[in-house]
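To keep things clear, I will list the structure first and then write my remarks on it.
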Amino acid sequence: MTFREYLTVKDVFGIKDVFGPLMIVEGVEGVTYGELTEVRLPTGDIRRGRVLEISDSAVLVQVFEGTLGIGRDNVRVRFLGKGQEIQVSRDMLGRVFDGEGRVADGGPPLIPEKRLNINGSPINPCARDYPNEFIQTGISTIDGLNTLVRGQKLPIFSGAGLPHARLAAQIARQARLLSTGQEQVSSGTDAFAVVFAAMGITFEEADYFISEFRRTGAMERAVVFVNLAEDPPIERLAVPRMALTAAEYLAFELDMHVLVILTDMTNYSEALREVSAARREVPGRRGYPGYLYTDLATIYERAGRLKGKKGSITQIPILTMPEDDKTHPVPDLTGYITEGQLILSRTLYNQGVSPPVDILPSLSRLKDKGIGRGKTREDHADVSNQLYAAYARGKNAKELAVILGEGALSPADRLYVEFSERFDKEFVQQGEGENRGIEETLDIGWRLLSILPKKELKRVRPEYLDKYYKRGVEGI
Amino acid sequence: MTEGTTKSEGVITRVAGPLVVANGLAGTKIFDMVRVGLLRLLGEVIEIRGANYSIQVYEETEGIGPGQPVYPSGEPLSVELGPGLIGAIFDGIQRPLDVINARMGPYIVKGAGYPPLSRDKKWHFQPTAKEGDRVAPGDVLGTVRESPLVEHRVMVPLGVEGELTYIEEKEATLEEVIARIAGRGEPAGLPYEVTLLQRWPVRQPRPTHKKLPPDEPLVTGQRILDTLFPVVKGGTACVPGPFGSGKTVIQQQLAKWADADIIVYVGCGERGNEMADVLLSFPELKDPRSGRPLMERTVLVANTSNMPVAAREASIFTGITIAEYYRDMGYHVALMADSTSRWAEAMREISGRLEEMPGEEGFPPYLGSRLATFYERAGSILCLGSEGRKGTLSVIGSVSPPGGDLSEPVTQATLRVVKVFWSLDDRLASQRHFPAVNWLTSYSLYQPVVDEYAGKRIAAGWRENRREALRILQRESELEELVRLVGIEALSPEDRLIMEVARMIREDFLHQNAYHEVDTYTPMEKQYSLLEVVLRFYTQAQEALRRGIELDRLIDLPVREEIAKLRYIPVAQKEVFQRVVSQIDEGLSILEQRNRKQETGNREQG
């Protein structure tokens, strides 16, 4: 503790109320909003907390590790005079931390280069550089139709039992910039890092990611924060913020391209709801607090690129939609903040299609700036629009055929049905180890579009139609 | 902000997120600005109960605590008005984000206090009034060339009237005196000194001479909007839709192409990258009328979702006050607010902290009236001042209903006050049909006004064509129901033709690619010609059917591909449209001849 810190520290003994994850402390002065606290139990245990509200001399504190064992007169509360911080350093790479930011892999302690407030500050919109560099994930449904770009936040909306973890791991493993000539390996592999934050997920799922990172050698470029299902839920509120503070340090001070995976944001939101309910706040939809949107935004908006900085933060938050319902507040509000979403479909998964990305409701808002001539290929935008339109029509026709039988379809609609069926099997379906280049993805697209007559392809500019129609058809 | 010395300083007693309660602020009025705590964060008094003053703080309150001081300013939250607004980007309380970025780095740090408008920059003031003139509020004293597109008109402030004793052409900073008006200054008797800089409290609408009925469309270049659901200059519109349905793209398209003189774009609680997009692309994009960069007519107010929530609440008012200021100069101003739902949520959050009795879904009971006061600041007006200038302020607000459910309070309260409803449809968006405006549920109450205008200026058949297009689309949706039950084969050739033509209207007319260099903007004349061509095909084909030509032959006519390409043809190439029209006629007459031959052949055989 520095001398200055010593001066601002305040110790108190009097606790008035303890309820849920919260407690009210009385008889203390000079406490400020958002301040970090330490609660010393008679056992010698130290728990940490944060000031949520202060009125005159009563202070409402949220205790991260839960209030178990805290009584009115058996603990000492210390106010640290500063917000919650995290130690950062280049040596974080390759290490695992717990939900409090402490080393959790049995290794030596971290020698910090800096301590940073985990809440960060909002990025000035003027300082942002627009994300427009194509990231090739090697997955057709993403690269071809819902293109990911550096600095984007693109969540995966999944459901219980769907393979979102495998998809995220595949993205983390395969993601790379398409070498455009000038910038081949110059930025080097060490300029790339993964920050992984687990919130309330099972040991097995967390272990899957960590062993996957170890297996592929990605671990030495990864920083892992783990709060498991059995860990204190309130701790989850700090985990994504710690992860993003680390990511900001790596990206904007060490010039790295950082991919941040946050899983599972539904667990995070439930922790927020728990605190809100304990405070007896007026609930919004489904009991979530009215400020859920703002709160989620302070996490998601920490993705991006800054002018004059080499690094970038790309976010892939994962959330499970209760009952696969995308209008549930967590996916709904997430979708309003993030730049698109990848939605996994149970129906596709049950049909054996994997990764089961349902392209119709999926979207990447930043796609248009990251594709086209010089980035991917000139025809990319048109092909992608056409695939969407054709797939939607095929799906409609198929529904019709279910009711009326194939015979009721017009010849054109029959072609669309064939198109959409083969689309699922050839375009969406791909192996976990299959890393498709963007050219390959687009050519599969053309191969499928060539099932349809040329005049049906209205979304494609005539010159591209002449150049690419029927391309890749020999081979089927 | 000048800080008054007469009011007493307060002491903080409570801090709950963005809400701070203080006492000892005697002399401070409701909606006054204050500086809060040792960090001197900007705040606004929103409630007074006895000695307790509730303050909403426009910055993150970490580090603020009881016992810290509150400094009153004695003034309500106001914006600075003057040259330098155009091309600038402000946060919700008009702090200059570009200056903050240049001086303090990429993050917005607390307590950053820079004046919204530069005090150093000199502007060339060109008087239009002369010494000895009697002037009244709203009269134009002179002009400043603010940007190549905007001539800034310096007006006599409200409450000032009298003889002009001094006025001079000069290079002036915002604070230099450019004119004096006799006898209206302080203390009484001294002349009033006019500078280029004026202030106006954001929560108070700027006065006008009188409101006028709107009479002119706000041309957006978006076919479904201008042709089917138009908005007028001085009108109000809302764009509700679930996420991913293209609200922001529509708002940005309007900001780019609407034929207003000034655009005020308020990014309220939305994405930082979207604002970055506007900031980076607007200086590059050209205004279709003047050929100048769009940024030269645009003011940006950006309070992204991660910026403090109370400033988000203020951002809408900041934006509309700036917009009114340019309207008062006699300009056509359009304000885009994206998204009003985030604004309403900010109100809800503050209301919750004040422990007010909640209305529907936790929103405060005054949600409806706040929305109404905002939209009612739009309108076509006769400006103050003796020359009878006319100005308009159009407001287009997007709404983000949770789960896309339009029955939620913000959408419903908005629909009660706005005149145009562009309903965005998830299903259309997932088929990548953009703009995903649903043609069956959207409406515009300005159709009669625009019909009359377009009937005179564009083509006499404007109204008929629009009605016909809507009728065909309506019929298509009925037929679709039928097809779902009995299959397409069961339809009569006439009905199948309707289905085909409806598809043409949807795909060749309503669908519009915002990222295609030509398709992104369609002038009204071309919109008319495009629809005219499709409808001509329809009437000709109907006629042909009656004469016994098979439907499939009509559907396979090569001219249909030509029609589909028309939207990509630049306006200048009018002859292409004429060629396609004659191709339709030719194609059909060839079919007819063949048909006749066949018939005569059959007859001869028989």
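Okay, here's what the table says:
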| read-out | value |
| --- | --- |
| Number of positions in segment B:430-457 that are crowded, with 19+ Cβ neighbours inside 10 Å, of a type in the set (A, V, I, L, M, F, W, C) and assigned to a loop (DSSP other than H, G, I, E, B) | 3 |
| Candidate set from segment A:130-152 (those that are of a type in the set (D, E, K, R) and over 13 Å from A:Ser362 (Cβ atoms)); member that is modelled with the highest pLDDT | A:Arg150 |
| Test for B:Arg427: is it within 14 Å of chain A (Cβ to nearest Cβ), surrounded by fewer than 21 Cβ atoms within 10 Å (Cβ to Cβ) and touching a helix residue (DSSP H, G or I) at 6+ places or on another chain (Cβ under 9 Å) | yes |
| Set B:Ala323, B:Ala310: member being within 13 Å of chain A (Cβ to nearest Cβ) and small (Gly, Ala, Ser) | B:Ala310 |
| Which listed residue is in a loop (DSSP other than H, G, I, E, B) and closer than 19 Å to B:Gln222 by Cβ, from B:Val571, B:Val534 | B:Val571 |
| Residues located in segment B:251-284, provided they are within 14 Å of the chain's Cα centre (by Cα), over 25 Å from B:Ala314 (Cβ atoms) and within 14 Å of chain A (Cβ to nearest Cβ) | B:Gln253 |
| Members of segment A:442-458 found to be among the hydrophobic types (A, V, I, L, M, F, W, C) and free of Cβ contacts under 8 Å to residues at least 60 places away in the same chain, listed by number | A:Ile451 |
| Filter result (in a strand (DSSP E or B) and not small (Gly, Ala, Ser)) within segment B:295-338 | B:Thr298, B:Val299, B:Leu300, B:Val301, B:Asn303, B:His332, B:Val333, B:Leu335, B:Met336, B:Asp338 |
| Residue satisfying condition, being in a strand (DSSP E or B) and not charged (D, E, K, R), within set A:Val31, A:Val39 | A:Val39 |
| Residues that are within 11 Å of another protein chain (Cβ to nearest Cβ), more than 13 Å from B:Gln474 (Cα to Cα) and part of a helix (DSSP H, G or I), drawn from segment B:501-516 | B:Met504, B:Glu507, B:Asp508 |
| Residue in segment A:286-345 that is farthest from the other protein chains (Cβ to nearest Cβ), counting only those that are more than 26 Å from A:Val428 (Cβ to Cβ) and charged (D, E, K, R) | A:Lys310 |
| Segment A:28-59 - residue that is among the small types (Gly, Ala, Ser) and within 13 Å of another protein chain (Cβ to nearest Cβ) and, of those, surrounded by the fewest Cβ atoms within 10 Å (Cβ to Cβ) | A:Gly30 |
| Total residues in segment B:402-440, condition within 21 Å of the chain's Cα centre (by Cα) and closer than 21 Å to B:Leu254 by Cα | 18 |
| Residue check for A:Val258: in contact with a helix residue (DSSP H, G or I) (Cβ under 9 Å, 6 or more places away or on another chain), under 30 Å from A:Thr137 (Cβ atoms) and among the β-branched types (Val, Ile, Thr) | yes |
| Any chance A:Gly120 is under 30 Å from B:Glu60 (Cβ atoms), crowded, with 20+ Cβ neighbours inside 10 Å and among the small types (Gly, Ala, Ser) | no |
| Residues satisfying the stated conditions in segment B:347-374, i.e. in a helix (DSSP H, G or I), facing chain A (nearest Cβ under 9 Å) and under 17 Å from B:Thr411 (Cβ atoms) | B:Arg348, B:Glu361, B:Gly362 |
| In segment B:392-411, residue modelled with the highest pLDDT [restricted to those that are of a type in the set (Gly, Ala, Ser) and surrounded by fewer than 24 Cβ atoms within 10 Å (Cβ to Cβ)] | B:Ser407 |
| In segment B:464-499, the residues that are surrounded by 15 or more Cβ atoms within 10 Å (Cβ to Cβ), more than 11 Å from chain A (Cβ to nearest Cβ) and within 35 Å of the chain's Cα centre (by Cα) | B:Asn465, B:Arg466, B:Glu468, B:Ala469, B:Leu470, B:Ile472, B:Leu473, B:Arg475, B:Glu476 |
| Selection status of A:Ala198, at pLDDT 90 or above, part of a strand (DSSP E or B) and under 19 Å from the mean Cα position of the chain (by Cα) | yes |
| Elements of type strands (runs of 3 or more DSSP E) contained in segment B:87-166, each with 2 or more residues being on the phi > 0 side of the Ramachandran plot and at pLDDT 95 or above | none |
| Residue in segment B:46-59 that is under 28 Å from B:Asp120 (Cα atoms), within 14 Å of another protein chain (Cβ to nearest Cβ), in contact (Cβ under 8 Å) with a residue 40 or more places away in the chain and in contact with a helix residue (DSSP H, G or I) (Cβ under 7 Å, 6 or more places away or on another chain) present | yes |
| Some residue of segment B:11-32 being part of a strand (DSSP E or B), more than 12 Å from every other protein chain (Cβ to nearest Cβ) and touching a Leu at 6+ places or on another chain (Cβ under 7 Å) | no |
| Segment A:121-139 - residue that is part of a loop (DSSP other than H, G, I, E, B) and more than 14 Å from chain B (Cβ to nearest Cβ) and, of those, nearest to the chain's Cα centre (by Cα) | A:Thr137 |
| Residue list for segment A:238-265, filter: closer than 22 Å to A:Leu52 by Cα and in a helix (DSSP H, G or I) | A:Val239, A:Pro240, A:Arg241, A:Met242, A:Ala243, A:Leu244, A:Thr245, A:Met265 |
| Condition met for B:Ala129 (buried (at least 20 other Cβ atoms within 10 Å of the Cβ) and over 30 Å from the mean Cα position of the chain (by Cα)) | no |
| Pairs with Cβ under 8 Å, 6+ apart, first in segment A:96-120 and away from chain B (no Cβ under 14 Å), second in a strand (DSSP E or B) and basic (Lys, Arg) | A:Glu100/A:Arg48; A:Val103/A:Arg95; A:Asp105/A:Arg95; A:Gly107/A:Arg95; A:Leu110/A:Arg95 |
| Complete set of residues in segment A:142-161 that are away from chain B (no Cβ under 14 Å) and crowded, with 23+ Cβ neighbours inside 10 Å | A:Ile142, A:Asp143, A:Ile156, A:Ser158 |
| Odd one out for A:Gln62 among (1) over 17 Å from A:Leu237 (Cα atoms); (2) at pLDDT 90 or above | (1) |
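Okay, residues lined up against (1) among the acidic types (Asp, Glu); (2) touching a residue at least 12 places away in the same chain (Cβ under 8 Å); (3) in a loop (DSSP other than H, G, I, E, B); (4) surrounded by 21 or more Cβ atoms within 10 Å (Cβ to Cβ):
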position: B:Ile250; (1), (2), (3), (4): no, yes, no, yes
position: B:Lys256; (1), (2), (3), (4): no, yes, no, yes
position: B:Ile263; (1), (2), (3), (4): no, yes, no, yes
position: B:Glu274; (1), (2), (3), (4): yes, yes, no, yes
position: B:Asp277; (1), (2), (3), (4): yes, yes, no, yes
position: B:Leu280; (1), (2), (3), (4): no, no, no, no
position: B:Glu284; (1), (2), (3), (4): yes, no, yes, no
position: B:Arg289; (1), (2), (3), (4): no, yes, yes, no
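The values are calculated or read from the model by the stated rules, or taken from the named source; none is laboratory data. The structure presented is a predicted model; accordingly, all values stated were derived computationally and were not measured. Note that each Cβ is placed from the backbone with ideal geometry, even for glycine, and that neighbours are counted across all protein chains shown.
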